[in-house]
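Student: Okay, here's the structure, questions in a sec.
The values are calculated or read from the model by the stated rules, or taken from the named source; none is laboratory data. As the structure is a computational prediction, the values presented were derived from the model and not from experiment. Because the Cβ atoms are built from the backbone with ideal geometry, glycine has one as well, and the counts that use them run over all protein chains shown. Accessible surface areas use protein heavy atoms only, side chains included; no ligands, DNA or RNA. Shrake-Rupley method; radii C 1.70, N 1.55, O 1.52, S 1.80 Å.
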Amino acid sequence: MRKLLGSALLLSGSFFFLTGFGQKHSSVEAQSAVKEKAVEMEFKIKPDKGMQISKDGPWSLQLVNTTGLKLETKDGKFETKTFDEKLPGFKVKAELDGAAPTGKVDYTMKAFVCSDDKKHCYPQLHKGSLEWKKI
């Protein structure tokens, strides 16, 4: 019985580690600006105190509900893995598609942070929404 319980705990712990769920060690600061006929979006990762960005992990950003924006999507999702180290995070520029004065995209961002001593690293999964508006 103990082996079974131990295996179940190990399996669930591995699931949370591999899928990025669990304790958050970072946050996302998202902002948008409409310039001429395009929306510029930034998704910046902000590590918590005592943490730092790890560039080693497979970072990605997915956007869904992109109505009103010209983005190349697959199965209704736009995805980029082009991590901007200077930000640090992702920048996406999309031309406006039509006359919609406002819109909102939902995002999922995969990020990686490590403790300052680099002894512990954590995958992070952030989800949220970002609104945009023509001025």
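Student: I need a count of the residues in region 75-119 that are of a type in the set (Ser, Thr, Tyr) and within 15 Å of the chain's Cα centre (by Cα).
Tutor: Selection size over region 75-119: 4.
Student: Being outside any strand (DSSP E or B) and within 23 Å of Asp116 (Cβ to Cβ) is the filter; apply it to region 22-44 and report the residue that is modelled with the highest pLDDT.
Tutor: Of everything passing the filter in region 22-44, His25 is modelled with the highest pLDDT.
Student: Now for a separate question. Which of the residues belonging to region 109-135 are open to solvent by 40 Å² or more (accessible area, probe 1.4 Å), of a type outside the set (Gly, Ala, Ser), at pLDDT 95 or above and under 24 Å from Glu79 (Cβ atoms)?
Tutor: Lys110, Lys127, Glu131
Student: For region 120-132, which positions are within 19 Å of Ala33 (Cα to Cα) and under 17 Å from the mean Cα position of the chain (by Cα)?
Tutor: Passing the criteria: Gly128, Ser129, Leu130, Glu131.
Student: Within the set of pairs 6 or more residues apart or between chains, which connect a residue that is within 16 Å of Leu125 (Cα to Cα) and among the hydroxyl-bearing types (Ser, Thr, Tyr) inside region 35-61 to a residue that is assigned to a loop (DSSP other than H, G, I, E, B) and open to solvent by 60 Å² or more (accessible area, probe 1.4 Å) with Cβ atoms less than 8 Å apart?
Tutor: Listed pairs, sorted by first residue: Ser60/Lys81.
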